[in-house]
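The next block holds one structure in the form of structure tokens; read it before the comments.
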């Protein structure tokens, strides 16, 4: 999807959720989409749940950062923060 289509999809999901008061299960790998529309996130790595929480909790979760960015990147980010 191009950037405009991503924005339109996010707006549509927000609309459906609010208009119809639905819970929506989203399986997505683009962090912009996940962090932009999810209220609660479950993160899996190789079929195992490694974290659950709000977008802020997930962004700060060391296990998630290491799983998706690698330990070297995670350690560098922690040192810089």
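Output needed: percent of Cα pairs per 5 Å distance bin for the range 25-80, bins running from 0 to the one holding the longest distance.
Final binned percentages: 4, 19, 30, 26, 15, 5, 1.
Per residue of the chain, what 222 nm ellipticity follows from adding -39500 (n - 2.57) for every DSSP H run with n ≥ 4, rounded to the nearest 500?
-17000 deg cm²/dmol, from helical runs alone.
Can you give me the distance in nm between label points at residue 49 and residue 29, each placed 7 Å from the Cα along the Cα-to-Cβ direction?
Once both label points are built, they end up 2.3 nm from each other.
For each of 23, 54, count neighbouring Cβ atoms within 10 Å of the residue's Cβ, then give the residues from fewest to most.
23, 54
When the chain is fully extended, how far beyond the present Cα-Cα distance does residue 22 get from residue 1, taking 0.36 nm per residue of separation?
Difference between extended and current length: 5.1 nm.
Hey, rough spin-label estimate for residue 8 and residue 39, points 7 angstrom out along Cα→Cβ, what's it come to in nanometres?
2.7
Whole Å is fine, so just give me how far the alpha carbon centre of the range 5-28 lies from that of the range 38-59.
18
Taken together, the values in this text are just the output of simple stated rules run on the coordinates, not laboratory data. Since this is a predicted model, take the numbers as computed values, not measurements. Here Cβ is always computed from backbone atoms with ideal geometry, including for glycine, and neighbour counts include all displayed protein chains.
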